[in-house]
Amino acid sequence: MIQFNIITLFPEMFGDPFNASMLKRARERGLIAIEPRNLRDFCTDKHRVTDDLAYGGGGGMVMKPEPLVAAIEAMRAEYPGSRTVLMTPQGKRFTQKDAVRLADHEALNLVCGHYEGVDERVRSFVDEELSIGDYILTGGELAAMVVIDAVSRQVPGVIGDGSALAEESFTRPMLEAPHYTRPREFRGLSVPEVLVSGNHAEIEQWRREQALKKTAERRPDLLSDV
């Protein structure tokens, strides 16, 4: 079981995305728990202010360190073995290997930045920083959802057929081979004969060849690790 604590200004964003499909079932079965934590609950001032003007000028507001660090420390006290991750476009690119690695933790504290970002001093209180790509979102919430989904799939029991995880794109340094299902013929397009041959050795060989071909065409950078 893994606990996801999301430190956010917008806890309401974390409802519907996790109330459908396999993640809903995983929550119901107690395999994962997802708990948004409202950052304003960790403010000590009357107006629960979480941001302020940047020193040195410039546009946009910066998230204050006091409530963020208070929230991080509260999560660590509640979950002593937890790992704290700041979601930021300045972070390391999140990969499948990170999803597998993070799934080994009992709890993850995902810190969602907003506005112009967090006060630089907050970085001293997190274990790592992750980005989901070279683009800017309005906040770290959507990035945190991506991490939650990818990590949850690595928790035993969340995916019905756990062996399927080993064949997914990026689990190995290749994209997945093509998949087909019924009907065998669709608008002049046929399922490759090898897949209906019943010869499992030939099927595995075909899948590896197709995976290599697809990777070479679409993500040749991955083949350096093959």
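The values are calculated or read from the model by the stated rules, or taken from the named source; none is laboratory data. This one's a predicted model, so the numbers in the text were calculated from it and none came from an experiment. Using ideal geometry, Cβ is built from the backbone for each residue, glycine included, and neighbour counts are taken over all protein chains shown. We work out accessible area using only protein heavy atoms, side chains counted, and drop any ligands, DNA or RNA first. Shrake-Rupley method; radii C 1.70, N 1.55, O 1.52, S 1.80 Å.
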Q: Within region 36-46, identify whether any single residue is open to solvent by less than 30 Å² (accessible area, probe 1.4 Å) and in contact with a strand residue (DSSP E or B) (Cβ under 7 Å, 6 or more places away or on another chain), and answer yes or no.
A: yes
Q) Restricting region 1-27 to residues that are under 23 Å from Asp51 (Cα atoms) and part of a helix (DSSP H, G or I), which is least open to solvent (accessible area, probe 1.4 Å)? A) Phe14
**Q.** Gly59 vs. criteria of a type outside the set (Val, Ile, Thr) and exposed (fewer than 13 other Cβ atoms within 10 Å of the Cβ)
**A.** yes
(Q) Quick check on my filter: what residues within region 106-118 are under 16 Å from the mean Cα position of the chain (by Cα) and open to solvent by 20 Å² or more (accessible area, probe 1.4 Å)? (A) Glu106
Q: Name every residue in region 156-185 that is open to solvent by 30 Å² or more (accessible area, probe 1.4 Å), closer than 27 Å to Met13 by Cβ and either in a helix (DSSP H, G or I) or at pLDDT 95 or above (or both), in order of residue number.
A: Gly157
Q.
Suppose the filter is in contact (Cβ under 8 Å) with a residue 60 or more places away in the chain and closer than 19 Å to Asn5 by Cα; does Leu108 pass it?
A. yes
(Q) If the requirement is being at pLDDT 95 or above and surrounded by 14 or more Cβ atoms within 10 Å (Cβ to Cβ), which of these qualifies: Arg153, Arg121? (A) Arg153
Q) Looking at Val226, is it of a type outside the set (S, T, N, Q), at pLDDT below 95 and open to solvent by 50 Å² or more (accessible area, probe 1.4 Å)? A) yes
Q) So, of the residues in region 124-139 that are of a type in the set (Ser, Thr, Tyr) and in contact (Cβ under 8 Å) with a residue 12 or more places away in the chain, which turns out to be surrounded by the most Cβ atoms within 10 Å (Cβ to Cβ)? A) Ser131
